[in-house]
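The values are calculated or read from the model by the stated rules, or taken from the named source; none is laboratory data. These numbers come from a predicted model, not from an experiment. With ideal geometry, Cβ positions are generated from the backbone for all residues, glycine too; neighbour counts draw on all protein chains shown. For accessibility, only protein heavy atoms count, side chains too; no ligands or nucleic acids. Shrake-Rupley method; radii C 1.70, N 1.55, O 1.52, S 1.80 Å.
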Amino acid sequence: MRNRRSIVGMVLLTLCCACSGGGTGPGDGTGPVTSIAVDAPTTTSVFIGSTISLVASAHNSSGATIAGQTFTWSSSNPLVATVSSAGVVIGVAAGVASISASIGSIVGQNTVAVSASAAQLSCANVTPLALNVGDVHQFTGLERSSLCINGGAGSEYALVAFNSSLDTGTTVQTVSLLATSTVPVVNGPTPQLIGGGPRVSAQLVPRDIDFEMRMREMERRELNPRFAAARAWYAGRPRPLSVPRGISAITNLPPTPVVGSPISLNGNATSACGTPQPHGATIVAVSTRAIIAVDTLVPPNGFTNADYQNFAAAFDTLIYPLDTLNFGAPTDIDSNNGRVLLFFSQLVNQLSPASASSYVGGFFFSRDLFPLTSTATLAACAGSNVGEMFYLPVVDATSQYNGFFKDKPTVTSQVYATIVHEFQHLINAGRHLYVNTNATRLEESWLDESQAMLAQELLYYRVSGFAPKQKLTWATISTGANANGAQLDLVKAYLVQGLGLLNSYLLFPETSTPYSNSENLQTLGAGWQFMRYLLDNTTGTQATFSRAIDNGVVSGFANLSNVFSTSLPALASTYQSWAIAQYVDGTGVSSNPAYSNPSWNYRSVLPNALSLTSYPLRIRPLTPAVPVSVALRGGAASFIRFRVNAGLTAQITPANEIAASTLVTFALVRTF
């Protein structure tokens, strides 16, 4: 069998040497190598653990073989097949791999298919796997085609199938498993509440993630191409800045604005750089770090001037130091002595229809960091307010727009959570745009949102007195000295939203992922939890790492790889360990720190905080009568439970003997 693929190079040298010998016999060719053939003398199929030999030959442009060449051999997938320097291929696991032989840039390839033999697929010919309770076993080699499990005196397992592809799109990998001699589990660990304390009465209405997704994608689509122009404007901008009267007034404010001053702001939340919608507002509070502006058309009986002054004071003393410590300092393109403008407007309230099941609690819009007016050489953003700011809702006591903002204490708590969240977005965008000038784009939305959700959690720690890596349980945060309304109010204000997002992920772990450009509730919940897991399982000061992410010059996985000094394959492995922790942590089954969440016992906190009856992680059974077939997105996992009764040997095999892609990892946890 012969399968020849070539990469043709060195064309000029080939032309000058083409006439020097035209023979096609073995080894009589001369001139430069222009192609390589990789041949299998007998077969390109090999059983797991067995070998075949491939032969490479080099050829010139006439097809003549050139003797005496040394080849570099490689495998496209060493998890399926490896190859030696002599071209000897060893089957590792079922699948296909491309085996290459190269000389410089000239490459030849052949495809090798690896499968299990009939004998290998029989449990009679292997020693069945025997695990202790708490052991976590990763499938390798033949186990991906046939895993035999010793039931011992009766044992139970959780099998975690995880798609380790770092693919932020919608590509899926299919997992289809069959089992013999398995039955449903009868023992724990089972999801259960840890009692003893009061519970938060109900979940909060979730944020409208679709709105945020559309905004973040709009930013990246419309604003990333304007990076170079914005930087050129920033470097040459005059001081004080000046903008057309009546469109934007942040940059026309004096360094310390006077309370009562009028201001005009573009409040359009559905267009980045087009169709400005100027809205009149009044400066009602000025502090060291904040300027509070209130829309002139807000409903009556809402926040008072004293309330707005409290927001400014809290921004100065609580939120600004918290976010700048953990994410970095904001830019100051409007030159108002480092102040951020907080625009309270009914425009935010109006973004949520009365019939909606979720609400927009406020937003930051990266367009406000871009120049307003184009020149002959610079593209600008006509919708920009040209300053660091974000948009916040107001109290709507009579439900003029909807019912989400009628209760003043609730809206107050929502505003604080929104400020700390959106301030991270502002810092992230500003630093990618004007500070880290080697960056070429805004941060990927899934990582940006993970950082913003982390900011909300950090606010909870700051106001509650707790800290990361304390392995908090519901009893810890709600009973004893903490059994008071104030502590539960803090849980509801700053923690429940994140836990609600995490709950959405746990309900759908097979179709949800912590990294998706199609951002949704599940991505925010999983992304926040993974960021917490990653920080907790990294040695060093956590703020150093979270700050480095916002200061990255690359984005997404490359950013995480740089910040945590890890390769992309190692990062994928970390995601798998995090997925295993979804089941293992909080059960007492395993003491391996790789499968632990050091800050939270989610099995304890999440059900109580959300008034659920159990831990919501979706579990699939695997029995001879109930096989498993599931399509997993990158970063998604399936959690599969089964029991092997005493004296029996169970077998797990892929359906139709078609093994899952090696991108799918399998980890078996003995739970009983």
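Listing for the model above:
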read-out: Contact order normalised by residue count of region 61-174, Cα under 8 Å, 6+ apart, percent; value: 18 percent
read-out: Lys/Arg +1, Asp/Glu -1 at C-beta; the chain dipole; positive extreme among Leu426, Ala356, His59; value: His59
read-out: Pairs of lysines in the chain (C-alpha under 22 Å apart; 8 or more residues apart or interchain); value: 4
read-out: Length added when fully stretched, Thr171-Ala558, from 0.36 nm per residue minus Cα-Cα; value: 137.3 nm
read-out: Dipole of the chain [Lys/Arg +1, Asp/Glu -1 at C-beta], most positive-end residue of Leu501, Thr275, Leu147; value: Leu147
read-out: Carbon/sulfur fraction of accessible area - the chain, other protein chains in place, 1.4 Å, %; value: 56 percent
read-out: Cα gyration tensor shape for the chain, rounded if a/c is under 1.5, else prolate or oblate; value: oblate
read-out: Contour minus Cα-Cα distance for Gln350 and Val96 (0.36 nm per residue); value: 85.9 nm
read-out: Cα→Cβ-extended label distance, 7 Å offset, between Thr649 and Ala113, nm; value: 2.8 nm
read-out: Calculated FRET value between Ala130 and Ser358, using beta carbons and R₀ = 60 Å, to 0.05; value: 0.75
read-out: Linear extension gain, Gln277 paired with Ser85, 0.36 nm per residue minus alpha-carbon span; value: 62.4 nm
read-out: Dipole magnitude of region 288-360, debye to nearest 20 (Cβ charges: Lys/Arg +1, Asp/Glu -1, about Cα centre); value: 60 debye
read-out: Value of relative contact order over region 491-637, rounded to a whole percent, pairs C-alpha under 8 Å and six or more apart; value: 31 percent
read-out: Ser399-Val435 FRET efficiency (beta carbon distance; Förster radius 45 Å; 0.05 resolution); value: 0.60
read-out: Principal axis dimensions, region 256-341 - Cα atoms, whole angstrom, descending; value: 35, 33, 22
read-out: Unit charges at the beta carbon, dipole of the chain: most positive-side option, Thr653, Val126, Thr398; value: Val126
read-out: R0 of 22 Å, Cβ-Cβ distance Ser374-Ala235: FRET efficiency to nearest 0.05; value: 0.85
read-out: Accessible heavy-atom area order of Arg641, Arg289, highest first, probe of 1.4 Å; value: Arg289, Arg641
read-out: Label point distance in nm, Val259-Ala329, each placed 7 Å from Cα along Cα→Cβ; value: 2.8 nm
read-out: Cα centre as origin, Lys/Arg/Asp/Glu Cβ charges: region 381-501 dipole, Debye; value: 320 debye
read-out: Surface accessible to a 1.4 Å probe, Tyr615 within the full protein complex, Å²; value: 10 Å²
read-out: Heavy atoms of Thr541: accessible area, 1.4 Å probe, square angstrom to 10; value: 90 Å²
read-out: Lys, Arg +1 and Asp, Glu -1 on Cβ, resulting dipole of the chain about Cα centre, debye, nearest 20; value: 260 debye
read-out: Rounded accessible area per residue of region 352-467, 1.4 Å, Å²; value: 27 Å²
read-out: The chain, helix-only ellipticity at 222 nm - DSSP H runs n ≥ 4, -39,500 (n - 2.57), divided by all residues, nearest 500; value: -8000 deg cm²/dmol
read-out: Span-like helix ranges in the chain, DSSP H, alpha carbon extent 18 angstrom or more, Kyte mean at least -0.5; value: 408-430, 445-464, 521-536, 568-584
read-out: Residues of region 605-646: accessible area per residue with a 1.4 Å probe, Å²; value: 30 Å²
read-out: Whole-number percent relative contact order across the chain, with pairs defined as alpha carbons under 8 Å at least 6 apart; value: 22 percent
